[in-house]
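J.: Below is one structure. I have some questions about it.
The values are calculated or read from the model by the stated rules, or taken from the named source; none is laboratory data. Computed from a prediction, not measured in an experiment: that's the story for all the values here. Note that each Cβ is placed from the backbone with ideal geometry, even for glycine, and that neighbours are counted across all protein chains shown. Just the protein is used for accessible areas: all its heavy atoms, side chains included, with ligands, DNA and RNA removed. Shrake-Rupley method; radii C 1.70, N 1.55, O 1.52, S 1.80 Å.
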Amino acid sequence: MAENDFMAGFLDQIEPLKQAALAELDGAADLAALEQARVNYLGANGRFTALMKQLGTLPREEKPAAGKAINGAKVELEAALARRRGELELKAALPAEPTDFTLPGRRRILGKLHPLTQVTEDIVRSFRKIGFVVAEGPEVEDDYHCFDALNTPADHPARDTQDTFYLGGAETEAAPPLLLRTHTSSVQIRVMEKQSPPVRIIVPGRCYRRDNADATHNPTFHQVEGLYVDRNVTVGDLKGTVEFVFKELMGEETQIRFRPHYFSYTEPSFEIDFSSPMTRKMGREWLEIAGCGMVHPQVIENVGYDAEVWNGWAFGFGIERIAMIRYGINDIRLFYENDLRFLKQF
Ligand code: DAH
């Protein structure tokens, strides 16, 4: 009888303890509180664990029924623990503020190409259509490639230290003076030295001169050089090519004209003027835009070609100038200031 009382006492404890444990587990506000509830009831020294330990003190015949009852409760508690843990982990992973799915999306700011790069790419694209390939040369050049080979003698004003960045160093025949190239024309020589004719290249690149920066000058600027060497090349080829490219770049209404000029590496030489609705908007009918001419036979000979067989034409123009006219920009310095308010417009 006393044993039955003991058994009854054991069984009676299970349900209230289970209810208390369930209340604490389900009521845990966060994972830390849940862990505390687990320790309180199911930990090594927990209250429910203590009750389970009493099972061993029951008489043998009572054990199956008592064991079944307490194990059933334990399974329930463990299920409650797992469920609440799942809920709380999900809650911890979510942002504190509920997400408002009706808000408009946030746009990512995408960068774009610099206006000078855009213009350069357009120029390259146009020339590619008619069979030109892009060539490159060093920005640190020697004075042979920048001047001598281009038939520009030592006393020519273009070599003046006033407008050329010389890099110093010993000036021996083995190590000619180095300088920052003043134009891309040096690449004409570098390419012709390396390859045999015919040649059809354009050379976009950076150039340097000791100019004070103002609305139309900057010590660093960009040019595109063109060179075509073949048999029986004419001024007509030159003019037709320039016209094609400028119409592509600046619109069908663009007109060009050649004016006689002097460059030491071309003979005859011309300056190219062009006229378009944009130049008229800028208050000018004609704007000077490029230099060009038929490659001087001395230049042809300087690179080891036979000037009796090969001739050609060359031109060079400033990319900034083209971009300024194209977009109506009145100060060259805007290109280099990295002001997003300016750059975003292109
Ligand atoms: N190099 C000249 C300059 O920087 C531009 C130029 C003129 C390039 C005539 C040429 C040319 O190839 O034939 O002003």
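J.: With θ set to phi - 60° and the Karplus curve 6.51 cos²θ - 1.76 cosθ + 1.60, what are the ³J(HN,Hα) couplings of the stretch 267-278 in order, to the nearest whole Hz, using x for Gly and Pro?
T.: Here the 3J(HN,Hα) series is 7, x, 10, 9, 9, 9, 9, 9, 9, 7, x, 5 Hz.
J.: Continuing with the same structure: Hey, got a sec? Which trypsin sites (Lys or Arg not before Pro) in the stretch 230-266 land in a DSSP loop and have at most 15 other Cβ atoms within 10 Å? Walk me through the numbers on the way to the answer.
T.: Working: sites: Arg231, Lys239, Lys247, Arg257; in loops: Arg231.
Those that pass, being in a loop and sparsely packed, are Arg231.
J.: What are the ³J(HN,Hα) couplings of the stretch 66-72, residue after residue, when phi is run through the Karplus curve with 6.51, -1.76, 1.60 and θ = phi - 60°? Round to Hz, x for glycine and proline.
T.: 5, x, 4, 4, 6, 5, x
J.: Moving to a separate point now. If each DSSP helix of 4+ residues adds -39,500 (n - 2.57) and the sum is divided by the residues in the chain, what number results at 222 nm, nearest 500 deg cm²/dmol? If you can, show how the numbers build up before the last one.
T.: Values: 12 runs with 145 residues, N = 346.
After summing the helix terms and dividing by residue count, I get -13000 deg cm²/dmol.
J.: Show me the chymotrypsin sites (Phe, Trp or Tyr not before Pro) within the stretch 1-103 that DSSP assigns to loop and that have at most 12 other Cβ atoms within 10 Å of their Cβ.
T.: Numbers: sites: Phe6, Phe10, Tyr41, Phe48, Phe101; in loops: Phe101.
Answer in residue order: Phe101.
J.: With each pseudo-label sitting 7 Å past Cα toward Cβ, what's the Arg85-Arg341 distance in nm, one decimal?
T.: 5.9
J.: If you count only protein heavy atoms with a 1.4 Å probe, what accessible area per residue comes out for the chain, rounded to a whole Å²? Write out the running numbers ahead of the final one.
T.: Values: 19390 Å² over 346 residues.
With the other protein chains kept in place, the chain gives 56 Å² per residue.
J.: Which one of Ala154, Asn232, Asn330 is farthest out on the positive end of the charge dipole of the stretch 115-343, using unit charges on Cβ (Lys, Arg +1; Asp, Glu -1) and the Cα centre as origin?
T.: Asn330
J.: What does the extension gain come out to for Leu110 and Glu288, with contour length at 0.36 nm per residue minus their alpha carbon separation?
T.: Additional length available on full extension: 60.5 nm.
J.: Could you work out the percent of alpha carbon pairs in the chain separated by over 36 Å, rounded to a whole number?
T.: Details: 29638 of 59685 pairs.
Counting pairs separated by more than 36 Å, the tail of P(r) holds 50 percent.
J.: For the stretch 1-95, what does the relative contact order come out to in percent, with C-alpha contacts under 8 Å and a separation of six or more?
T.: Details: 61 pairs, mean separation 35.6, N = 95.
Taking the mean separation of contacting Cα pairs over the length of the stretch 1-95, I get 37 percent.
J.: Among the listed pairs Lys247/Lys344; Lys63/Lys91; Lys18/Lys63; Lys112/Lys247; Lys239/Lys281, which are separated by more than 31 Å between their Cα atoms?
T.: Values: Lys247/Lys344 26 Å; Lys63/Lys91 41 Å; Lys18/Lys63 19 Å; Lys112/Lys247 25 Å; Lys239/Lys281 25 Å.
As for pairs spanning more than 31 Å Cα to Cα, those are Lys63/Lys91.
J.: What is the calculated FRET efficiency for Gln54 to Ala32, with r their C-beta to C-beta distance and R₀ = 22 Å, to the nearest 0.05? Show your work: numbers first, answer last.
T.: Values: r = 30 Å, r/R0 = 1.35.
FRET efficiency, Gln54 to Ala32: 0.15.
J.: Mind listing the phi-derived Karplus ³J(HN,Hα) values for the stretch 73-80, rounded to whole Hz, using 6.51, -1.76 and 1.60 with θ = phi - 60°, and x for any glycine or proline?
T.: 5, 5, 4, 4, 5, 5, 5, 5
J.: What's the center-to-center distance, using Cα atoms, between the stretch 208-259 and the stretch 68-103 in Å?
T.: Here the two parts' Cα centres lie 73 Å apart.
J.: Please give me, ordered by residue number, the trypsin sites (Lys or Arg not before Pro) of the stretch 189-221 that lie in loop per DSSP and have at most 14 other Cβ atoms within 10 Å. Kindly include the intermediate steps, with their values, before the conclusion.
T.: Values: sites: Arg190, Lys194, Arg200, Arg206, Arg209, Arg210; in loops: Arg209, Arg210.
For trypsin sites (Lys or Arg not before Pro) across the stretch 189-221 that sit outside H, G, I, E and B with at most 14 neighbouring Cβ atoms in 10 Å, the list reads Arg210.
J.: How long is the gain from Glu243 to Ala23 if the chain were fully straight, where each residue apart is worth 0.36 nm and the alpha carbon distance is subtracted?
T.: Values: separation 220, 0.36 × 220 = 79.20 nm, distance 8.81 nm.
Stretched out fully, the Glu243 to Ala23 stretch lengthens by 70.4 nm.
J.: For Ser269, enumerate residues with amide H under 5 Å from its amide H, sequence gap 5+ or separate chain, H modeled in the peptide plane.
T.: Under 5 Å from the amide H of Ser269 lie the amide H atoms of His261, Phe263, each far enough along the sequence or on another chain.
J.: Give, to the nearest whole percent, the P(r) tail of the stretch 2-93 beyond 17 angstrom, counting all Cα pairs. Numbers along the way, then the final one.
T.: Numbers: 2064 of 4186 pairs.
Of all Cα-Cα distances in the stretch 2-93, 49 percent exceed 17 Å.
J.: Another question, if that's okay. Relative contact order of the stretch 115-343: what whole-number percent is it, with Cα pairs under 8 angstrom and at least 6 residues apart?
T.: Working: 436 pairs, mean separation 47.6, N = 229.
Relative contact order for the stretch 115-343 comes out at 21 percent.
J.: Show the residues, 5+ positions off or on another chain, whose built amide H is closer than 5 Å to the amide H of Phe165.
T.: Leu180, Arg210
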